[in-house]
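Read-outs: derived from the displayed coordinates by stated rules, not from any lab. Remember, it's a predicted structure, so these values are computed and weren't measured experimentally. Cβ: placed from backbone, ideal geometry, glycine included. Neighbour counts: every protein chain shown.
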DNA sequence: ACAATAGGCAAGCGTACGCTTGCGTGTCAA
DNA sequence: TTGACACGCAAGCGTACGCTTGCCTATTGT
């Protein structure tokens, strides 16, 4: 659970999730290309690969190796626990 | 929006939100006491104060000064945009 | 076979972050 | 008035994080 919060703390990783939602099952190179094209992120392939490792450790991304490609899929389930954690408390009283 | 992700990335700040949900409108000292009692967090008052600044910058906490006390209230609204950001994409195909 | 492609591993670097420490400010009570 | 209490400000420190660089492995195509 801690890993999920850490994973979505970085803007580049959030952009990766955005791109996987837009097109699921991308390879590492596809993700790199989309990050530079659509988000202006010029990070190296290794940097993106490390981000994907963090996302995968958080359960937000699943991957599968096929030949020389490694495809990545988004998994939204860990995010749902975030909002469920903090229910609405008694509201703040107005100053009077 | 970026501030929200950064704010909930830290476990101490998440514990602060937990305590504010449990009892809304606490002062800084109350929060410090609860963190040590219920979470084993021994951070200084200044550390907790800085955490509250981050939470307030993210819109997750509102505060009001009354006399020599500063009371804090939780605001869950910024959290709702998180789950709404990443809708469920086409699912990952099973290997066959 | 051999070159090109897709990706992995590990070390190093700079910065940001969480935290402490020391001191200052304002409020309340005796 | 004076001391105690609740909190703020700012500088410094150590660590973790994001990123690069260099080199290596494996798969594909010609």
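The residue A:36 and residue A:81 beta-carbon pair, evaluated with R₀ = 35 Å, returns a calculated FRET efficiency of approximately 0.65. Our Cα-only numbers for the stretch B:2-84 put the radius of gyration and Dmax at 12.1, 40 Å. Mind pulling the angle between the C-alpha long axis of helix A:28-39 and the longest principal axis of chain A? Nearest 10 degrees, somewhere in 0 to 90. Roughly 60 degrees, rounded to the nearest 10. Across the identical copies, the 7 Å label point of residue A:21, projected outward along Cα→Cβ, sits 2.2 nm from its counterparts, in ascending order. Mean-square fluctuations from a GNM of chain B, with a 10 angstrom spring cutoff on Cα atoms, peak among B:51, B:72, B:39 at B:39.
Among B:83, B:61, B:21, the largest mean-square fluctuation in a Gaussian network model of chain B (Cα springs under 10 Å) belongs to B:83.
Placing dummy labels 7 Å off each Cα toward the beta-carbon, the span from residue A:12 to residue A:64 is 2.8 nm.
Principal-axis analysis of the Cα atoms of chain B puts helix B:45-57 at an angle of about 50° to the longest axis.
Could you work out the mean projected area of the convex hull around the alpha carbons of the protein assembly as shown, in square nanometres to one decimal? Intermediate results must be reported in sequence, preceding the final value.
Numbers: hull surface 52.5 nm².
Projected area, direction-averaged: 13.1 nm².
Inter-copy label distances for residue B:6: 1.9 nm (label point placed 7 Å from Cα along Cα→Cβ; shortest first). If you find the alpha carbon centre of the stretch A:65-95 and of the stretch B:73-96, how far apart are they in angstrom? About 5 Å separates the Cα centre of the stretch A:65-95 from the one of the stretch B:73-96. Across peptide B:83-94, the average count of Cβ atoms from other chains found within 10 Å of a residue's Cβ is 6. Of all the options B:62, B:30, B:19, the one that moves most in a Gaussian network model of chain B with Cα springs shorter than 10 angstrom is B:30. Measuring from the axis that maps chain B onto chain A, the chain B residue with the nearest beta carbon and its rounded distance in angstrom come out as B:9, 2.
The long axis of helix B:11-22 is offset from the longest Cα principal axis of chain B by roughly 70 degrees. Counting Cβ atoms of other protein chains within 10 Å of each residue's Cβ and taking the mean over peptide B:51-59 gives 0.
Nearest 500 deg cm²/dmol is fine: what mean residue ellipticity at 222 nm does chain B get from its DSSP H runs of n ≥ 4 alone, each adding -39,500 (n - 2.57), divided by its residue count? Please report the intermediate quantities before stating the final value.
On the way: 5 runs with 52 residues, N = 96.
Computed ellipticity for chain B at 222 nm equals -16000 deg cm²/dmol.
If I model a spin label at residue B:44 and residue B:1 as a point 7 Å from the Cα along the Cα→Cβ vector, what separation in nanometres do I get? That separation, rounded to one decimal, is 3.7 nm.
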